[in-house]
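Laboratory data are not the source of any read-out in this text; all were calculated from the coordinates shown. Predicted model, so just to flag it, every value in this text is computed and none were measured. Ideal geometry is used to build each Cβ from the backbone, glycine not excepted, and the neighbour counts take in all protein chains shown.
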Amino acid sequence: MTTMPLTGQPLDTLMNRLEADLEESDSSRESDLAARLRAQPLRADSLDAIARLHTLWMHAGDPAAARAVLDDDGAAVHDAAPPDARPDIRMQLALYRLQVARHLGENDAVTHAIGEMHDVVRTSPTLDADRFVRARILDTLEYDHAEHALDAIELRHALNGALADRAAFRAWDEANRQCLRAWALRRLGRDDDARAAAEAAVAAVASAERGPGHRCR
């Protein structure tokens, strides 16, 4: 006999208990948490539930199960959503995949997730880019992971480019992009490329229309 998956409010209730136990008791041990999660099939039916459930699986030491939530439940939530909501869902799922990959130190998966996010920005003019442009993980990759800094810089620049209210600041955004690239390239030992990026930043500032002041981050 097939057991129906726990979903909706019953799943929320279970996750509330598990999250409380993670904070308050020794039952947060990976084996205990994994056993409780595996006691019955679970199905996240919203982005919020996906966020919580895949995080619990990560705490349980089972990244494969966490990724299954993102892939399987994520696809179901995406396909059930109105078309105009789907770009934001795709982007959020890719962001979760990026966070998982970074946590696991899987460089290829990090690169793939950033590429997926780039694809959403490129193909989805209705994306609410403002929701993602300040994602903390992009700061982490820019400053702490030299091997991914350039990709993170380009993704954030693309997100800024998708914001209509940044139209008056494109030259400043380009200057900031080149400043950050110069710093990242220097850390990678690519000094010639770093100098070229710094020169491009100066050129972008010189071509900018008069407007709010700018300083490289």
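Observations on the structure shown:
- Order of Glu23, Glu106 - criterion: other Cβ atoms within 10 Å of each residue's Cβ, fewest first: Glu23, Glu106
- Selected from Asn16, Asn160, Asn176 as most flexible by GNM, with the chain as the system and alpha-carbon contacts under 10 Å: Asn16
- Dividing the helix sum by the residues of the chain, where each DSSP H run of 4 or more adds -39500 (n - 2.57), gives a mean residue ellipticity at 222 nm of -21500 deg cm²/dmol.
- For segment 28-93, size of Cβ-based charge dipole, Lys and Arg +1, Asp and Glu -1, in debye: 200 debye
- Against the chain, whose longest principal axis comes from its Cα atoms, helix 8-24 is set at around 80 degrees.
- Distances between placed amide hydrogens fall under 5 Å for Leu42 paired with Leu6, all partners being 5 or more residues away or on another chain.
- Acute angle (nearest 10 degrees) that the helix 191-207 long axis makes with the longest principal axis of the chain, alpha-carbon atoms: 70 degrees
- Between 0 and 90 degrees, the angle of helix 107-123 with respect to the longest Cα principal axis of the chain falls at about 70 degrees.
- Taking a ≥ b ≥ c as the square roots of the Cα gyration tensor eigenvalues, segment 168-210 comes out prolate, since a/c reaches at least 1.5 and a/b is larger than b/c.
- Over the chain, relative contact order from alpha-carbon pairs under 8 Å, at least 6 apart, %: 12 percent
- Packing-based exposure ordering (other Cβ within 10 Å, fewest first) of Tyr96, Tyr143: Tyr143, Tyr96
- Counting every other Cβ atom within 10 Å of each residue's Cβ, Leu93, Leu104 order from fewest to most as Leu104, Leu93.
- Here the chain is treated with +1 on each Lys and Arg Cβ and -1 on each Asp and Glu Cβ, and its dipole about the Cα centre works out to around 600 debye.
- In a fully extended conformation the segment linking Arg134 and His118 would gain 4.3 nm over its present Cα-Cα distance, using 0.36 nm per residue.
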